[in-house]
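Enquirer: My structure is below; once you've seen it, I'll send some questions.
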Amino acid sequence: MSIIRMSRIRAITAAVAATFVLAACGSGSSTPDTTVPEVSVRIVSLSPTATEMLYAIGAGDQVVAVDSYSTFPAETASKVTKISAFEPNAEAILGYTPDVVLISNDTNKISEQLIAGNPKLQVWTGAAAATLDDVYKQITELGALTGHEDDAATLIDSMKSRIAKVTENISAPMTPKSYFYELDNTLYSVTSNTFVGALLKPFGFTNIADGVEAGNDYPQLNAEVIAKANPSVIFLADTKCCATNAAEVAKRPGWAGIDAVKNGQIVELDDDVASRWGPRIVDLVEQFAAAIAAANK
């Protein structure tokens, strides 16, 4: 399995670990202060998703360094380092003298290494989300950690509102329809048990990867199986990693007769958005909704 594919699958299937919340201290004034002061912490983020969350709630100024994949939003450019989230180096991380380090999984027991180097260091773990509630929980925790609780709440309200808007008028397809979600160009996919699968489930289309391999929610399909399943929509989550596009997919041997190909329902996704569970997940849901609506016509 290629390094790119392993990285993508690791990012999606990160193991669940404990999280924590830092509370802001009271002002001690005789008149209650209802404002929430920004907590002054130096943050190193080894999670592209957490990085996006921080900037979305206005806490980007507390970030001193991010891993090599944390390239969104554009404001991270000056803080991107060569530190790998998949092979993190404790010495390199500690060199930025952080108060808090954000990780999505405890690769190589990095939390233990970091705390050994600085016992006062806090490590926050935001594991790969399984549900939207997991996403909202992590945004809330980062809001509390940085003193941006109100901003976090506002962001969550906006996300919920946008998702509700595109899902409120969902109707089941008149005839059975299905989709294929391509994770990479070797035809790895995701089942409905995954986070992405759960986002698509309300739209009523069958996932052709479901049941392909018992116990494996990231099965590898083959071209013949996909062609036989005849999906109505094909989602490409490998446009960056593998330079895959709709035109190339349409030319694959044996795929000309697939409904998604015949009807032009091959949807090019942004790999980064599709493999993370940050604020831009709403953009992904909106793209799903548009594609499903078009396929239902």
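The values are calculated or read from the model by the stated rules, or taken from the named source; none is laboratory data. Quick caveat, the model's predicted, so the values are computed rather than measured. Neighbour counts run over all protein chains shown; Cβ positions are idealised from the backbone, glycine included.
Enquirer: From the list 175, 191, 186, pick out the single residue that is in a loop (DSSP other than H, G, I, E, B), within 20 Å of the chain's Cα centre (by Cα) and hydroxyl-bearing (Ser, Thr, Tyr).
Expert: Residue meeting the stated conditions: 191.
Enquirer: Across the range 112-139, which residue is nearest to residue 47 (Cα to Cα) among those that are without any contact (Cβ under 8 Å) to a residue 60 or more places away in the chain and crowded, with 18+ Cβ neighbours inside 10 Å?
Expert: In this case the residue turns out to be 123.
Enquirer: Look at residue 119 and say whether it is touching a strand residue (DSSP E or B) at 6+ places or on another chain (Cβ under 8 Å), more than 24 Å from residue 79 (Cα to Cα), part of a loop (DSSP other than H, G, I, E, B) and not hydroxyl-bearing (Ser, Thr, Tyr).
Expert: No, not satisfied.
Enquirer: Which condition from (1) in contact (Cβ under 8 Å) with a residue 24 or more places away in the chain; (2) not assigned by TED's automatic domain parsing to the domain that holds residue 59 is the one that residue 214 breaks?
Expert: (1)
Enquirer: Tally time: how many residues in the range 79-106 are in a loop (DSSP other than H, G, I, E, B) and more than 19 Å from the chain's Cα centre (by Cα)? First the steps, then the outcome.
Expert: Start the filter on the range 79-106 by keeping residues that are in a loop (DSSP other than H, G, I, E, B), which leaves 81-89, 95-99, 104-106.
From the residues that got through so far, the ones that are more than 19 Å from the chain's Cα centre (by Cα) too are 81-83, 87-89, 95-99.
So the answer is 11.
Enquirer: If you don't mind, there's one more thing I want to ask. Could you say which residue among 158, 171, 178 is at pLDDT 95 or above and within 28 Å of residue 297 (Cβ to Cβ)?
Expert: 178
Enquirer: Would the range 213-226 turn up any residue that is under 20 Å from residue 290 (Cα atoms), surrounded by fewer than 17 Cβ atoms within 10 Å (Cβ to Cβ) and not β-branched (Val, Ile, Thr)?
Expert: no
Enquirer: With the requirement that a residue be modelled with pLDDT under 95 and of a type in the set (Phe, Trp, Tyr), what does the range 181-204 give you?
Expert: 203
Enquirer: Restricting attention to the range 159-172, which residues are without any contact (Cβ under 8 Å) to a residue 40 or more places away in the chain and in a helix (DSSP H, G or I)?
Expert: Within the range 159-172, 160, 161, 164, 165 qualify.
Enquirer: For the range 42-70, which positions are of a type outside the set (S, T, N, Q), in a helix (DSSP H, G or I) and either touching a residue at least 40 places away in the same chain (Cβ under 8 Å) or crowded, with 24+ Cβ neighbours inside 10 Å (or both)? Walk me through how you get there before you give the answer.
Expert: Within the range 42-70, the first condition is being of a type outside the set (S, T, N, Q), and the residues that meet it are 42-44, 46, 48, 50, 52-61, 63-67, 69.
Add one more test, that the residue is in a helix (DSSP H, G or I), and what stays is 48, 50, 52-56, 60-61.
Those that are of a type outside the set (S, T, N, Q), in a helix (DSSP H, G or I) and either touching a residue at least 40 places away in the same chain (Cβ under 8 Å) or crowded, with 24+ Cβ neighbours inside 10 Å (or both): 48, 50, 52, 53, 54, 56.
Enquirer: Of all the residues that make up the range 180-210, how many are free of Cβ contacts under 8 Å to residues at least 60 places away in the same chain and either over 13 Å from residue 293 (Cα atoms) or among the hydroxyl-bearing types (Ser, Thr, Tyr) (or both)?
Expert: Selection size over the range 180-210: 14.
Enquirer: Can you say whether residue 157 is surrounded by fewer than 17 Cβ atoms within 10 Å (Cβ to Cβ) and within 27 Å of residue 192 (Cβ to Cβ), as far as the supplied structure shows?
Expert: Here the answer is no, as residue 157 does not meet what is asked.
Enquirer: Which condition from (1) assigned to a helix (DSSP H, G or I); (2) under 30 Å from residue 92 (Cα atoms) is the one that residue 124 breaks?
Expert: (1)
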